[in-house]
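S.K.: I'd like to ask you about the structure that follows.
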Amino acid sequence: MSHLLQVCNLEQRFDVSPGFFDRMKVTNGRLSFKRHIVHAVNGVSFHIDRGEVFGLVGESGCGKSTIAKTIIKLYDPSGGKIRVKGEDITFYDYKQMMPIRKTVQVIFQDPYASLNPRLKVLDIITEPMVFSGQQITKADLKEKGIELLQRVGLGPEHANRYPHQFSGGQRQRIGIARALSVDPDLIIADEPVSALDVSIQAQILNLMMDLKEELGFSYLFITHDLSVVRHISDRIGIMYLGFIVETGCTEEVFKNPRHPYTRALLSAAPSVHEKLHIDPVSISGEVPTALELPRGCCFQSRCPFVFERCLRERPRLISRQPGRMESCHLLEQ
Ligand SMILES: Nc1ncnc2c1ncn2[C@@H]1O[C@H](COP(=O)(O)OP(=O)(O)OP(=O)(O)O)[C@@H](O)[C@H]1O
Ligand SMILES: [Mg+2]
């Protein structure tokens, strides 16, 4: 049976070149016009099955949100394939995506920016039902809207208020109700709690997990918070510079991280590594720019174990144990 979501070798590049004349460069008497391309996502592959939570983790700028936005087709990918329930949606246009929006919904990090400030809450949460082309009367929309508000811990009295009249946590509840309105099979949650207070974060995470248990949908859960991803995900993908460098069952990856970057990431989170007793790996320096990808391994400039092969050959994501994959030459030796 086909996966609920399958992403194969996804590539996303952005042309951020300056104007024509600013790009002009003369070297050894020859004129050239160099383009500036951000390599945001580089050959990313993963799948999500029904009822599963797949977590994408990585530092800021590693391409997590770009993957989410490409899946919901805010951008056409530069390469690769996206399949939803086996259907190839890679180059679907706005109209073709309408029925897909019934299957895949999204919750964003900033609930204020993602809710239309001019609409009342009832209209906000029922909007996806209207946009997905469902034939539904106004009375039914209202009834379903109130039911959704109650499902996420709000009440009918909130239906006619505007987003600015709510707290951050309540606004995220509205975002969740909106996503649930079309009974999706997959919800992409891009840092859904990182803009909230720690105490509110736990409430929203618990709500999200309770709803998943009750309704049986799946999550693509994007975060840079390791304790959140560990708590919530069945499987995870660790990202660096637009690549997935390691993937596997969450507990397996946390107990036995194999890629040097995963080991460094877990070592840098005391709440995680002290409980796990892993050998700490420390890295220095900054993530390199996505404008010029290194020829070999994406992690070469910061890896404490780098050797000659890492500089000239890009490691492939390979499975060495069932359910686990890593891209590292060190593990091939
Ligand atoms: N529309 C765009 N045009 C040009 N570059 C972009 C665009 N969107 C993202 N990028 C670049 O692509 C890279 C990945 O960005 P992205 O927002 O996907 O990272 P992220 O992992 O979600 O980071 P964060 O954790 O901070 O949200 C970054 O280098 C970013 O500057
Ligand atoms: Mg992001």
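Since every read-out is calculated from the coordinates, none of them should be taken as a lab result. Keep in mind that this is a model prediction, so the values were computed, not measured. Quick reminder, even Gly has a Cβ in these numbers, built from the backbone with ideal geometry, and neighbours come from all protein chains shown.
S.K.: Kindly express, to the nearest 10 degrees and within the range 0 to 90, the angle between helix 121-131's C-alpha long axis and the longest C-alpha principal axis of the chain.
M.R.: The two axes meet at around 70 degrees.
S.K.: Taking the chain as a Gaussian network, where each spring joins two C-alpha atoms under 10 Å apart, which residue of Val281, Val198, Val26 fluctuates the most?
M.R.: Largest GNM mean-square fluctuation: Val26.
S.K.: Now a separate question. Can you give me the relative contact order of the chain as a percent, contacts being Cα pairs under 8 Å and 6 or more apart?
M.R.: 19 percent
S.K.: A further question on this structure: Against the longest alpha carbon principal axis of the chain, how many degrees, from 0 to 90 and to the nearest 10, is the axis of helix 168-180 turned?
M.R.: Its long axis makes an angle of about 80 degrees.
S.K.: Now for a separate question. Output the 0 to 90 degree angle, nearest 10, between the alpha-carbon long axis of helix 138-151 and the longest principal axis computed from the alpha carbons of the chain.
M.R.: Tilt relative to the chain: about 60 degrees.
S.K.: For region 156-204, what does the convex hull of the Cα positions come to per residue, in cubic angstrom?
M.R.: Details: hull volume 4.7 nm³, N = 49.
About 97 Å³ per residue, rounded to a whole number.
S.K.: Excluding same-chain residues fewer than 8 positions from Lys138, which lysines have a Cα within less than 17 Å of its Cα?
M.R.: Lys120
S.K.: If I stretch the segment between Glu11 and Asn256 completely, what's the gain in nm (0.36 nm per residue apart, minus their alpha carbon distance), one decimal?
M.R.: 85.3 nm
S.K.: Based on the mean of other beta carbon atoms within 10 Å per residue, what is the order of 108-116, 172-180, most packed first? The partial results should precede the final answer.
M.R.: Working: 108-116: 17.7, 172-180: 25.4.
Highest to lowest by the protection proxy: 172-180, 108-116.
S.K.: Working out 0.36 nm times the residue gap between Ile37 and Cys249, then minus their Cα-Cα distance, what length gain in nm do you get to one decimal? Please report the intermediate quantities before stating the final value.
M.R.: Numbers: separation 212, 0.36 × 212 = 76.32 nm, distance 3.35 nm.
Length gained between Ile37 and Cys249: 73.0 nm.
S.K.: Oh, and also: Using 1/(1 + (r/R0)^6) with R0 = 22 angstrom and r between the beta carbons of Ser167 and Glu147, what's the FRET efficiency to the nearest 0.05?
M.R.: 0.50
S.K.: Let me ask something additional. So, with +1 on the Cβ of K and R and -1 on the Cβ of D and E, and no other charges, what is the size of the charge dipole of the chain about its Cα centre, to the nearest 20 debye? Could you put the intermediate results ahead of the total?
M.R.: Details: 41 positive and 38 negative charges, 189 e Å.
Value, rounded to 20: 900 debye.
S.K.: Could you tell me how far the Cα centroid of region 152-170 sits from the Cα centroid of region 221-251, in Å?
M.R.: Rounded to whole Å, the Cα centres lie 31 Å apart.
S.K.: So which cysteines of the chain have no other cysteine's Cβ under 4.7 Å from theirs?
M.R.: Cys8, Cys62, Cys249, Cys298, Cys303, Cys328
S.K.: A follow-up question, please. Mind putting together the pair-distance distribution for the chain? All Cα pairs, 20 Å bins, whole percent per bin, short to long.
M.R.: 29, 54, 17, 1
S.K.: Which of the three applies to region 252-333, rounded, prolate or oblate, going by the alpha-carbon gyration tensor with a ≥ b ≥ c and a/c under 1.5 meaning rounded?
M.R.: Oblate, since a/c reaches 1.5 and b/c is not below a/b.
S.K.: So which lysines can Lys85 reach, going by Cα to Cα under 21 Å and dropping same-chain residues fewer than 8 places off?
M.R.: Lys69, Lys73, Lys95, Lys102, Lys212
S.K.: Moving on. Can you give the Rg/Rh ratio of region 127-173, where Rg is from the C-alpha atoms and Rh is the Kirkwood radius?
M.R.: 1.00
S.K.: How about region 197-302: which GluC sites (Glu not before Pro) there lie in a loop by DSSP and see at most 16 other Cβ atoms within 10 Å?
M.R.: When the GluC sites (Glu not before Pro) of region 197-302 are filtered for loop state and at most 16 Cβ neighbours within 10 Å, Glu286, Glu292 remain.
S.K.: Oh, and also: If you take every DSSP beta bridge whose two residues both sit in region 5-332, what share of them, in percent to the nearest 5, is antiparallel?
M.R.: On the way: 30 of 48 bridges.
Rounded to the nearest five, the antiparallel share is 60 percent.
S.K.: For q = 0.10 Å⁻¹, what log10 I(q)/I(0) does region 82-173 give under the Debye formula with an equal point scatterer on each alpha carbon and no solvent?
M.R.: Cα-only, vacuum Debye calculation for region 82-173: -0.31.
S.K.: How large is the helix-only mean residue ellipticity at 222 nm for the chain, computed as the sum of -39500 (n - 2.57) over DSSP H runs with n ≥ 4, divided by its residue count, in deg cm²/dmol to the nearest 500?
M.R.: Estimated from H runs of four or more residues: -9000 deg cm²/dmol.
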